């Protein structure tokens, strides 16, 4: 299985608490297996690696418990994390680098958050690009989310 950087998890937790209120993260954790609960009881730092399967199980449980089971919570949590990073750590870079350059370097950005997989960008036009993720085990519904 692959891993996600702790930054992704912490953004997810922040999103859940801001959107669904205090206690929402604990509610989701309680619906998970004892093994998952034991791992999530430990402190996860920004620089930590977290099992991607656990991250997905949490998101799917949150989508079912807090959302409508239509994957919207999963999408929104990930968009929240990406926007947060683009307004924070990467704000300086994106202020003077073209979107095309950013997309051409998508693979390097991917490696900052995941320890497996390869991200490639195909620039279709000045307003359109296609991102392709390969060699990333354990990512269900990749073409739907």
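Bear in mind that the values in this text are calculations on the coordinates, not laboratory data. What you see is a predicted model, and the numbers here were worked out from it, not measured in a lab. Don't worry about glycine lacking a Cβ; one is built from the backbone with ideal geometry, like all the others, and counts go over all protein chains shown.
Which pairs turn up if I take residues in region 17-36 that are in contact (Cβ under 8 Å) with a residue 12 or more places away in the chain and at negative phi and look for partners that are surrounded by fewer than 11 Cβ atoms within 10 Å (Cβ to Cβ) and part of a loop (DSSP other than H, G, I, E, B) with beta carbon separation below 9 Å, at least 6 apart in sequence or on another chain? If the second residue must be surrounded by fewer than 11 Cβ atoms within 10 Å (Cβ to Cβ) and part of a loop (DSSP other than H, G, I, E, B), the pairs left are 29/41.
Taken together, the criteria exclude residue 62 from residues that are surrounded by 11 or more Cβ atoms within 10 Å (Cβ to Cβ), in a helix (DSSP H, G or I) and without any contact (Cβ under 8 Å) to a residue 12 or more places away in the chain.
Going by the structure shown, is residue 50 surrounded by fewer than 17 Cβ atoms within 10 Å (Cβ to Cβ), closer than 21 Å to residue 135 by Cα and either out of contact with any strand residue (DSSP E or B) (no Cβ under 7 Å at 6 or more places or on another chain) or in contact (Cβ under 8 Å) with a residue 24 or more places away in the chain (or both)? Taking the combined requirement at face value, the residue does not satisfy it.
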